[in-house]
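Before any comments, here is the structure.
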Amino acid sequence: MDASPAPATVEELMDRMLDISGDLPKRLRQCADFVAANPDRIAVSTVAEMAEGAGVKPSAFMRFCQVLGFSGYSQMQRLFRENYSQNWPDYSTRLEKLRESGAGSPSALLAEFIEAGRHSLENLVKTIDPRTLDAAIKMLAEAQMVHIVGMRRAFSVAAYLAYAFEKMDVPTMLHDSVGKLDSRHAIRRGDAVIAITFAPYTHETVELADVARRAGAGVVAITDSLASPLRPVTPLLLTISEADFGDFRSLSATLSLAMALVVSVGTIRRA
């Protein structure tokens, strides 16, 4: 395994981890699982911190990097820093940047956000995989119940899906963690879960998707990168690259995809 050249992109790295994970010793498999679940931490963490998170010694994590084809941790970390930056500033910082840039009147801001939405929709048309989309729709249409989870920025999309599926008479459950209620035990074999999360990824969403997979339910992921921690959970990964203005990301493409899922599933179930 060490003879392979180092991955050139984060996506290649994730593909290689999936390919070799079944052959890895226990400690190295722990490293792979931790990296897959926490890709956002690599760019800003030391090898000791990553090793501690994976529950292994730093030497084992270094060995894991070498198995992937890297000379060491620094080379792998550089790949993430160059190709997968996901450290978005807080809202105060974003607003300050807009003020400093002289973004202009509300109507000018609206025009900029409309333009960002247009770019997002054009990207969606070019990048969505029709076969994955068809497979996701088939799974959802055949599910006994559709469970939906999306926190933080993704919550508006999750809420829309729950509302629209209900209007389509599709049995639906929105997992929103209100009151810290844990409703994961409602997921059964034959159900399907739509898990929505974007960088920085929500741990609760990834965890529920994994619980669903282990329970025998199907999982459809709506996320923003092939390096998403949802990738090891399901092959039905619908990736969306939303454009931004002033570090405020659009949801135009995500909501359009959500509408396509709902209408397609509703049409099939009523046929």
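The 1.4 Å probe gives accessible areas that order R63, R16, largest first, as R63, R16.
Eigen-decomposition of the gyration tensor built on the alpha-carbon atoms of region 131-176 gives equivalent ellipsoid semi-axes of 18, 14, 9 angstrom, largest listed first. Legend: calculated FRET efficiency, D15 to I114, from the Cβ-Cβ distance at R0 = 45 Å, rounded to 0.05, equals 0.80.
Can you run the Rg to Rh ratio on region 140-256? Use alpha carbon positions and the Kirkwood inverse-distance Rh. So for region 140-256, dividing Rg by the Kirkwood Rh gives 0.95. A 1.4 Å probe, protein heavy atoms only, puts the accessible area of M168 near 50 Å². For region 193-245, the square roots of the Cα gyration tensor eigenvalues, ordered a ≥ b ≥ c, give a/c of at least 1.5 with a/b greater than b/c, which places it in the prolate category. Accessible area ranking (1.4 Å probe, heavy atoms, ligands and nucleic acids excluded), largest first, for I20, I42: I20, I42. When only alpha carbons are used to place a centre, region 1-79 and region 171-210 end up 27 Å from one another. Residues whose amide H comes within less than 5 Å of that of L68, counting only those at least five positions distant or on another chain, are absent (H built at 1.01 Å from N in the peptide plane).
The values are calculated or read from the model by the stated rules, or taken from the named source; none is laboratory data. None of the values given here were measured: they were computed from a predicted structure. Every residue, glycine among them, receives a Cβ derived from its backbone with ideal geometry; neighbour counts consider all protein chains shown. Ligands, DNA and RNA are stripped out before the accessible areas are found, and what is left, the full protein with its side chains, is counted by its heavy atoms. Shrake-Rupley method; radii C 1.70, N 1.55, O 1.52, S 1.80 Å.
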